[in-house]
Amino acid sequence: MTLEYTVDLDYAVWIPVPLEFPWNGYDTALAWAADLTSDLLPERRVPEEVRRAFAATAVERAVMDSPLPEAIERFWRRPDSGAPDRLVHLYAIASHETAAEELVELARTGVGGFVQSVAVLEDTAFSVALRVALLIELPQGVASVTRVIGARDGTVLLLELIDDDPHAIALLTPEIEGLFRSIRLRTV
C-alpha cells in the first residue's frame, strides 16, 4: 500500500522551492530564481539592487541542503509580505506508529532535543496529527524546532521549521499548521 499526497499550497503565503535540478522545466537554480524574481518583483516597481538581492536569496534557498536527508518538499515563506524569511521541509517516514506518544518520539528523529510542548491538531487528513515543539542544543546556542507530524496508512509525514529565533517560530506556527492541513492523502 502506498500513500500519495498533494499539497493545496496557498501561493500568497508559500513558494515551493526545488530540492534539485532540473525541476519543472528549470535546468538550474539560477533560471528558477530569475523567473521567480520576475514574477514576484516586477522590474518597473522594484529597484534593481533589491531584485538582485532577492534572486541571490532564491538561489541560496534552492541549493541549500535540507536539515535532514531525504526531504520530499521544501517551502519558502514568502519574504515579500514582510513575514520572517524561512524555509520549511516535508519528510515522509514509513511507520505504522500511530499513537500520540510514538509520534512524539518520531518527531525527535534526527535532532533529538527536549520536548517543550505537544498539541493535537484537528481537521487534517491524518489519523493522528500533532504539533511538537522541541529545543535542541547546537554548538552556537539553542534552537527551536517546530514539527507538525501526522500518521496514516503506514506513512508519517513530518513538516519542520528549525530556527534560533523563538519570535519567528511563534509568528509562523499558524501558517505551518495551515500548510500541513492543506495536505491531501490518497492510499493506492
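The values are calculated or read from the model by the stated rules, or taken from the named source; none is laboratory data. Quick caveat: nothing in here was measured; it's all calculated off a predicted structure. Counting neighbours? That spans all protein chains shown, and the Cβs are built from the backbone with ideal geometry, glycine included.
Residues in the stretch 39-58: is at least one surrounded by 17 or more Cβ atoms within 10 Å (Cβ to Cβ), under 17 Å from the mean Cα position of the chain (by Cα) and under 22 Å from Val145 (Cα atoms)? Checking the stretch 39-58: not a single residue is surrounded by 17 or more Cβ atoms within 10 Å (Cβ to Cβ), under 17 Å from the mean Cα position of the chain (by Cα) and under 22 Å from Val145 (Cα atoms).
Restricting the first member to the stretch 111-125 and to residues that are outside the structural domain of Ala100 (by TED's automatic domain parsing), and the second to residues that are exposed (fewer than 13 other Cβ atoms within 10 Å of the Cβ) and of a type in the set (Ser, Thr, Tyr), no beta-carbon pair is closer than 7 Å while six or more apart or on different chains.
If only residues of the stretch 96-109 that are loosely packed, with under 12 Cβ neighbours inside 10 Å and in contact with a strand residue (DSSP E or B) (Cβ under 9 Å, 6 or more places away or on another chain) are counted, the one that is farthest from Tyr5 (Cα to Cα) is Ala99.
Contact map, the stretch 155-174: first residue without any contact (Cβ under 8 Å) to a residue 60 or more places away in the chain, second residue among the charged types (D, E, K, R), Cβ cut-off under 6 Å, separation 6 or more or different chains; pairs are Ile169/Asp163. Taken as a whole, the condition of being among the polar types (S, T, N, Q) and closer than 14 Å to Pro67 by Cβ does not apply to Ser95. For Gly82, the conditions (1) surrounded by fewer than 18 Cβ atoms within 10 Å (Cβ to Cβ); (2) without any contact (Cβ under 8 Å) to a residue 40 or more places away in the chain; (3) touching a Phe, Trp or Tyr at 6+ places or on another chain (Cβ under 7 Å) are fulfilled apart from (3).
Check the stretch 2-15 and report whether any residue there is of a type in the set (Asp, Glu), assigned to a helix (DSSP H, G or I) and surrounded by fewer than 12 Cβ atoms within 10 Å (Cβ to Cβ). Lay out the reasoning, then the answer.
Narrowing the stretch 2-15 to residues of a type in the set (Asp, Glu): 4, 8, 10.
Of the ones still in play, those that are also assigned to a helix (DSSP H, G or I) are none.
No: the stretch 2-15 contains no residue that is of a type in the set (Asp, Glu), assigned to a helix (DSSP H, G or I) and surrounded by fewer than 12 Cβ atoms within 10 Å (Cβ to Cβ).
Restricting attention to the stretch 116-145, and to residues there that are outside any loop (DSSP other than H, G, I, E, B) and of a type in the set (Val, Ile, Thr), which single residue is nearest to Trp14 (Cα to Cα)? Top of the filtered list is Val145.
Restricting to the stretch 148-166, name every residue that is small (Gly, Ala, Ser) and buried (at least 16 other Cβ atoms within 10 Å of the Cβ). Steps first, please.
In the first step, residues of the stretch 148-166 are kept if they are small (Gly, Ala, Ser); the result is 150-151, 154.
Residues satisfying the conditions are Gly150, Ala151.
Of the residues screened, Ala143 is not one that is modelled with pLDDT under 95, farther than 21 Å from Arg86 by Cβ, surrounded by 15 or more Cβ atoms within 10 Å (Cβ to Cβ) and of a type in the set (A, V, I, L, M, F, W, C).
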